[in-house]
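Below is one structure, written out as structure tokens, with a few remarks after it.
Values quoted throughout were computed directly from the atomic coordinates according to the rules given, and no laboratory measurement underlies them. Here the structure is a predicted model, which is why all the values come from computation and not from measurement. A quick note on method: Cβ atoms are made from the backbone with ideal geometry, for glycine too, and the neighbour counts reach across all protein chains shown.
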Amino acid sequence: MNSSLNAARRRWELDEARTDVVDVLVVGLGATGAGVALDAASRGLSVAAVDAHDLAFGTSRWSSKLIHGGLRYLASGQVGVAWESAVERDALLRFIAPHLVAAHPYLLPLTPDVPRTQAAALMAGYRLGDALRAASGTPRRLLPGPSRVAAGRALALAPSLRADGLRGALLSWDGRVVDDARLVVALARTAAAHGARILTRCRALALGGDGARVRDELTGEEFDIRARAVINATGVWAGELTPSVALRPSRGTHLVLRPGALGALRAGLHVPIPGERARFALVLPQADGRVYAGLTDEPLDGPVPDVPEAPESDVAFLLDVVGTALDRPLRRADVAGAFAGLRPLVDGRVGAADAASGPAGGRSADLSRRHAVLRSPDGVVTVVGGKLTTYRRMAEDAVDAACPHARASRTARLPLVGAGPVRPGTPGRLARRYGSEAWAVRDLMREDPALAEPVALGITRAELVWAVRHEGALDAADLLDRRTRIGLVAEDRAAALPAAEAALAYS
Ligand SMILES: Cc1cc2nc3c(=O)[nH]c(=O)nc-3n(C[C@H](O)[C@H](O)[C@H](O)COP(=O)(O)OP(=O)(O)OC[C@H]3O[C@@H](n4cnc5c(N)ncnc54)[C@H](O)[C@@H]3O)c2cc1C
């Protein structure tokens, strides 16, 4: 079946979903829900998957974009979580999304604030992480091992580091997805290619073991979707639909720094947080030229907002910590934008069989990052917690729990849309975002040269038209905030809005 998602397909599949009984209804289309839709559909099950907003509307677009081997879980003794991360990272790098996920280097500067004993312990941790890499089957060619580099080399990779007292740096590598929201879109489209009905702007109002009451947010119409199994994958909102699920959301903020604020960065940075043993601020140069700096970990009190705000206190904290490693302090004027996401951490106090076992009442930074698959008395299966990196394993576990008689999961080696060979001569930026589909995006520009015009960050009008025709973008916010990330900087968003509206009209 075709992988293209668009308004016309949504309309007809919505009509079908209202009358059919599907094997699995998935609620939520972040990485987890889109992963569940793909896992179930690729086992031959019939699937409907709904999201109240858009693909990747929730936490999945606010991550640090690391596809990580779980190094920090090793530091806290969670070897099983680290191993699971390393295995999933390997699958993404080698089989599932080699066009979207690649190795990226990180420096940990050895400043006077990092004592030699701590540096030795950190290097031992990186070596352990490298052993997990080897054991999970990832070749060095895809993910190089760690090394210690001299100060001169560290400064060549990150010229804005403070040279004064720099003893060198620890250089390590980890996986990175070019854009977390694009990973979700690729998952949803691959699920659609296996027959899943992907229905955005459809809010589940109430869930039961045999389906859901749903509202089409575009028309206000309410209807039922009937299903043999229901999987709640609504992340930090899961408790709103399944009240027995207890979460302790934690806010993580990233800054978007103005180009040039940190010079020509060729590696990310791990900046030790003063007073903490194994926590770091991250400086994350992006493929589109922007640089993110993150991230905080603050418990959220009160209701869960649709789009969390990044408070000034988080901004000030990050500027301070990152500044400790730089030759000049970062200023508020260096910040072009900021975004925050809510980690759907499982409250260890729920005591469910598969739930994470974080210390009740502890700091959110200490809560386990393990995922949980929970069955409520009405038969709804909720999958929550975990990480972007482990979405596939979470999906497999959820479908195993909801559909015990289904055939085994096939996703560990299943390539996503775009994962095929890239034609020679394809520009690198297009290859990293579209993989084997890049030629089709280029063809659009050849058919109508006006579509080759750049909008922002090197993104062309053709990519916006492509997103409307094939990636399920229904409005300008879908285009600017999720199919592209232009919207992370308010001025860029305002400047690109007319192009987004033109793309919707063009398509
Ligand atoms: C700041 C931060 C940084 C992170 N960095 C990393 C990282 O670098 N690497 C990593 O591996 N992990 C990272 N994580 C963790 C990772 O991002 C999350 O675990 C993951 O994205 C959660 O995905 P999800 O699909 O479960 O939830 P979400 O992405 O939140 O998806 C839930 C979806 O449910 C929908 N929904 C809600 N209510 C309803 C309803 N009633 N009806 C229909 N739909 C509904 C929402 O619109 C949303 O799209 C980070 C998390 C945070 C907060």
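Taking a point 7 Å out from the Cα of A163 in the direction of its Cβ, the residues of segment 264-300 whose backbone N falls within less than 16 Å of it are 264. About its Cα centre, the dipole of segment 12-73 is roughly 520 debye, where the only charges are +1 on Lys and Arg Cβ and -1 on Asp and Glu Cβ.
Under 5 Å between amide hydrogens, built in the peptide plane, is the criterion, and for V22 it picks out R226, A227, R228 among residues at least 5 positions away or on other chains.
What order, most packed first, do the peptides 143-153, 481-491, 441-451 have when packing is the mean number of other Cβ atoms within 10 Å of each residue?
481-491, 143-153, 441-451
Apply the a/c threshold of 1.5 to the C-alpha gyration tensor of segment 185-332 and tell me whether it is rounded, prolate or oblate. Prolate, since a/c reaches 1.5 and a/b exceeds b/c. Applying both filters, DSSP loop and at most 12 other Cβ atoms within 10 Å, to the trypsin sites (Lys or Arg not before Pro) of segment 1-83 eliminates every site. The dipole here belongs to segment 175-228: it is taken about the Cα centre, uses +1 on the Cβ of Lys and Arg and -1 on the Cβ of Asp and Glu, and is about 200 debye. Ranked by how many other Cβ atoms sit within 10 Å of their own Cβ, fewest first, the residues C403, C202 fall in the order C403, C202.
Taking trypsin sites (Lys or Arg not before Pro) across segment 181-277, the ones in a DSSP loop with at most 16 further Cβ atoms lying within 10 angstrom of their Cβ are R266, R277.
Taking the Cα atoms only, what angle lies between the long axis of helix 461-470 and the longest principal axis of the chain, rounded to 10 degrees? For 461-470 against the chain, the angle is about 40 degrees. Calculated mean residue ellipticity at 222 nm for the chain: -9500 deg cm²/dmol, from DSSP H runs with n ≥ 4 weighted as -39500 (n - 2.57), summed, divided by the residue count and rounded to 500. Length available on full extension from R94 to A134: 0.36 nm per residue minus the Cα-Cα distance, which gives 13.1 nm. Distance between the C-alpha centers of segment 96-148 and segment 178-228? Whole Å please. For segment 96-148 versus segment 178-228, the Cα centre distance is 38 Å. The charge dipole of the chain, taken about its Cα centre with unit charges on the Cβ atoms of Lys, Arg (+1), Asp and Glu (-1) only, comes to about 1920 debye. Prolate is the label for segment 364-507. Its Cα gyration tensor axes, ordered a ≥ b ≥ c, give a/c of at least 1.5 and a/b above b/c. Computed from phi, the 3J(HN,Hα) profile of segment 387-401 under the Karplus parametrisation 6.51, -1.76, 1.60 (θ = phi - 60°) reads 8, 4, 3, 9, 3, 5, 5, 4, 5, 4, 4, 5, 5, 4, 6 Hz, with x in place of Gly and Pro. Couplings 3J(HN,Hα) of segment 278-290, computed from phi: 9, 10, 9, 7, 10, 10, 10, x, 9, 4, 8, x, 6 Hz, in residue order, whole Hz [Karplus 6.51 cos²θ - 1.76 cosθ + 1.60, θ = phi - 60°; x for Gly and Pro].
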